[in-house]
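We did not get these values from a lab; they are worked out from the coordinates using the rules stated. Treat the numbers as computed from the prediction; the structure is a model and nothing was measured. Counting neighbours? That spans all protein chains shown, and the Cβs are built from the backbone with ideal geometry, glycine included.
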Amino acid sequence: MKINIEQALGKNVKVTDKKLVTVIRTNKVNFYYTRDKKTLDNINITISEKKVTAFIGPSGCGKSTLLRCFNRMNDLIPGIKMTGKIEIEGNDIYSPDVKLEDLRKKIGMVFQKSNPFPMTIWENVAFGPKVNGITSKSDLDEIVEFSLTQGDLWKEVKDRLNSSAMDLSGGQQQRLCIARALANKPDIILMDEPASSLDPISTNKIEETISELKNNYTIVIVTHNMQQAARVSEYTAFMMTGNIIEFNETSALFTNPKEKLTEDYITGRFG
Amino acid sequence: MNRIKTFWKKGDPYILFTGAGLIFSLGMVLLMLGIIIFNGMDAFWPKNISEYQLKDGSKFLGEIWDTKKDYLLKPDSTYGVVEEVKVKTGNRDIYGSDFKWLYHKDIKTSNEPQEAVCFERWEYGNFYGFINAVSIFDKRYTFQNKDLIEKANEALAKTLDNRNKEENIEKKLNDLMRPLSEVQRELSLIDINENVNKIKVEKLNKKAEELQNKIEKAYTKLSNDLTKLKEEDSQIIVSVTIADGTNIDVPMSKVLRLYQPNKMSTISKSFFYVKKVWEFLIADPRESNTEGGVFPAIFGTVIMVLLMSIVVVPFGVAAAIYLNEYAKQGFLIRMIRLSVVNLAGVPSIVFGIFGLGFFIYIIGGTIDQLFFTSELPSPTFGTGGILWASLTLALLTLPVVVVATEEGLLAVPKENKQGALALGATKWQMIRKVVLPSIMPGILTGMILAISRGAGEVAPLMITGVVKLAPALPFDLSFPFLHLDRKFMHLGFHIYDVGFQSPNVEAALPMVYTTAFLLVLIVVTLNLVAIYFRNNLRNKYKSSTF
């Protein structure tokens, strides 16, 4: 079957549910890693508050790049170029008077590979609040306990907060990273394939954590795993070759895809 | 044909080649260490004293040091092979040299007389002979006394005690004279300049006079004590019969230690050995460094290496962090990195010349002009010293630290850096809290390499502050404790000096090996300490477990 990509282009879909509060809004975002390599092409998407939004799509479709635009992690890469506008809570995050540190404090991020710092568990969780100016030990203790509880790790580590984070298992490390992101009391949490290097049990645990968190945080999750997207998210965007092909409520997207490309992808015909 | 092809393809010969390469390299290193250790360890073992009677009637007494075959020119212009033995006959002041080669064919008898004594002297090396008599003041003990050797030891103990007292008195005299000599020095400086006010000179003269009056009494008393002790020394004499039968009177005050190796059991020899090793480690050198200990050299080496590390590590780490984390990667940075790496290949003597020209003459000279004018024209920092030597070596080892730190930096997971930034940390917070702790093992590796390189370097030190014999240690209890301007001794230079510059190279050979062994040992020890710390850190920061 021939896929008509041309037809699919430019049909970026907006979710227009009046009851939802928009947190992230992108407007005609184009992104280039090098001058002639366009990775994101005219992305327009709105992400709603306190919902889990999943980005799915084949490798290299630009879902991680889009995610990293939201907390400006792409700024670290030399030679990139971005056009368009990204608004978070109504503010243009690429305007010159935005302080990067403040932006990233508000938007937590969990990476594909768990990345605990070579410190104790306590120090890992307290890292964010500390660099953002909280110095009181009791305040930090409180934040650490709160974050670890939210990250579903408190019970497992409360007796060994001062041992190295490197001694935790892979799944625990990833939940520690989630807790560490929560310690900054962010509004939004970006997750870049958070369970892709974990075993099924650990993955399950992470997914449970995500479902508990969605009541309080806006979560954007990038995943390779369509079942995972179906399980944890309320909205799903299917991306391909730098475009959002379809964006809809997860149940609708998976049961009744409007686009041929989406249907092909979720039925496993390619990707 | 096919089988040969398979043989080469399978790669067995390459295993052989590479293995042979490894064995060769390892073998050479082990051989070197073996020779150094064997010769170094052997140096302090008390050797037996042999007595040789030659066919022409002459007699020699001494330690066997070597036996070898040599070629001898015969009257018919052909060479014949003779076996000969190298005997350390000592008694340098009598025979003129320490060693004597004896042909086997000339030797009539040889034996190891029980009563033979080796006297270690403060000067002129060992003295071998038989004790004939001992006089302590007006008492004289001869061979009729059975405990003659004990009497000799008693006399030795007395002179050693006197020696200590004399040294103490001399030190006190020095302290006493210091204020006076300072005033005199000031006076002499004023005399050189013509336009001085007379009042100042008069004042100083008066002060000198006052001081002189003040110390006169104490001075006389101390000098009297000293004379008395010297007189006592001159009355303690041991009469020694040397190999040819003549009796020589040796003042006991010239002797440091006496022993009868032929009588000693293995156990007492071991004790003797340990004592000698201990002396080697903690005593000052004697006899233009060919005897005694090497403590100042050990001390100088360690202090210099520590100073070097203190300087080179922060600078090297800072440079590496800038190169890797802050600088915009491009042609310029690539060039800089290449230059830094190539700096390691510059011959060390070039660094020495730079140290002399820049650190000593320009910086040191300026410091003298600004802060030590009263000492001029004699330089304080404008001459070689431990500070300049350490800085020169720091420069020399900088590339090593930079490269090792950079390798550490490259090994820090990108995720960790991004993780820190994603939490709202600034770049510096990220570097300080996440990157620096993770690269500590790398930094320590750099330090280990720098120490290994720095501790063994001699050439640049020779022109930036190392001396054959330093009058004082660079660190002592007088303010400001660490004397950066002082010249110092260094084991590497010590080896060169003793082995190749001393007047009596042959006798100093064991010292060369021992010092070389010690230098290797110190470098290894410093490395082990650093490796211990590195492993501790590695355990702390070991990577994740899945």
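Shown here: chain B, whose C-alpha atoms stretch 100, 94, 52 Å along the first, second and third principal axes, sorted largest to smallest.
Note on the protein assembly as shown: helix-only mean residue ellipticity at 222 nm, from DSSP H runs of 4+ residues weighted -39500 (n - 2.57) and normalised by residue number, equals -16000 deg cm²/dmol. Taking the range A:72-123, which GluC sites (Glu not before Pro) meet the DSSP loop condition and have no more than 11 other C-beta atoms within 10 Å? Listed in order of number, the matching sites amount to none. Most tightly packed first, judged by the mean number of other beta-carbon atoms within 10 Å of their residues, the peptides B:305-318, B:337-350 read B:305-318, B:337-350. Between B:VAL524 and A:THR255, the simple label model (points 7 Å from Cα in the Cβ direction) yields a spacing of 7.7 nm. Relative intensity of the protein assembly as shown on a log10 scale, I(q)/I(0) at q = 0.05, 0.08, 0.11 Å⁻¹, equals -0.52, -0.91, -1.25, per a Debye sum over C-alpha point scatterers of equal strength in the absence of solvent.
Mean sequence separation of contacting Cα pairs (under 8 Å, at least six apart), scaled by the length of chain A, corresponds to a relative contact order of 28 percent. The distance between label points at B:THR18 and B:ASN224 comes to 8.4 nm (points 7 Å beyond Cα on the Cα→Cβ vector).
When DSSP beta bridges are restricted to pairs lying wholly in the protein assembly as shown, around 80% turn out antiparallel. Taking only complete DSSP H runs, can you tell me which helices of chain B stretch 15 Å or more along their own long axis by Cα positions and average at least 1.0 on the Kyte-Doolittle scale? TM-like helix candidates: B:12-42, B:295-321, B:331-343, B:386-411, B:436-456, B:505-540. In a DSSP loop and with at most 14 other Cβ atoms within 10 Å, the trypsin sites (Lys or Arg not before Pro) in the range A:57-154 are A:LYS99. On the principal axes of its alpha-carbon atoms, the range A:21-266 has extents of 53, 42, 32 Å, going from largest to smallest. When every Cα-Cα distance of the range B:189-331 is counted in 10 angstrom steps from zero, the calculated P(r) takes the values 8, 13, 17, 17, 18, 13, 9, 4, 0 percent.
Charge dipole (Cα centre; +1 on Lys/Arg Cβ, -1 on Asp/Glu Cβ; no other charges) of the range B:42-101 amounts to roughly 40 debye.
In loop segments of the range B:386-494 as defined by DSSP, the chymotrypsin sites (Phe, Trp or Tyr not before Pro) with at most 14 further C-beta atoms inside 10 Å of their C-beta are B:PHE481. Of the residues B:LEU409, A:LEU176, B:LEU31, the one with the fewest other Cβ atoms within 10 Å heads the list, and the complete ranking is B:LEU31, B:LEU409, A:LEU176. Positive end of the charge dipole of the protein assembly as shown (Lys, Arg +1 and Asp, Glu -1 on Cβ, about the Cα centre): tell me which of B:ILE35, B:PHE60, A:ILE107 has its Cα farthest that way. Farthest towards the positive pole: A:ILE107.
Based on the alpha-carbon gyration tensor of the range B:437-546 and its eigenvalue square roots a ≥ b ≥ c, which shape applies: rounded if a/c is under 1.5, prolate if not and a/b is larger than b/c, or oblate?
Values: a/c = 3.10, a/b = 1.85, b/c = 1.68.
Note, shape of the range B:437-546 comes out prolate.
Arranged from fewest to most other beta-carbon atoms within 10 Å of their beta carbon, B:ASP98, A:ASP97 become A:ASP97, B:ASP98. Considering the dipole of chain B built from charges on the beta carbon (Lys and Arg +1, Asp and Glu -1) around the Cα centre, which of B:ILE242, B:SER288, B:LEU444 is farthest to its positive end? Working it through, the farthest residue towards the positive pole turns out to be B:LEU444. Determine the relative contact order of the range B:295-491: mean sequence separation of Cα pairs under 8 Å and six or more apart, normalised by residue count, in whole percent. That works out to 36 percent.
Taking every alpha-carbon pair under 8 Å whose residues sit at least 6 apart, the range B:103-202 reaches a relative contact order of 11 percent. Here the calculated FRET efficiency for B:LYS74 and B:THR109, from their Cβ-Cβ distance with R0 = 25 Å, stands at 0.45, rounded to the nearest 0.05.
Listing B:LYS165, B:LYS198 from fewest to most neighbouring C-beta atoms within 10 Å gives B:LYS198, B:LYS165. Each eigenvalue of the Cα gyration tensor of the range B:295-491, multiplied by 5 and square-rooted, gives one semi-axis; in descending order these are 36, 17, 17 Å. Here the calculated FRET efficiency for B:ASN168 and B:VAL350, from their Cβ-Cβ distance with R0 = 30 Å, stands at 0.05, rounded to the nearest 0.05. Ignoring solvent entirely, what values of log10 I(q)/I(0) come out of the Debye formula for the range B:176-273 at 0.13 Å⁻¹ when each Cα is a single scatterer? Log-scaled intensity ratios, in q order: -0.72.
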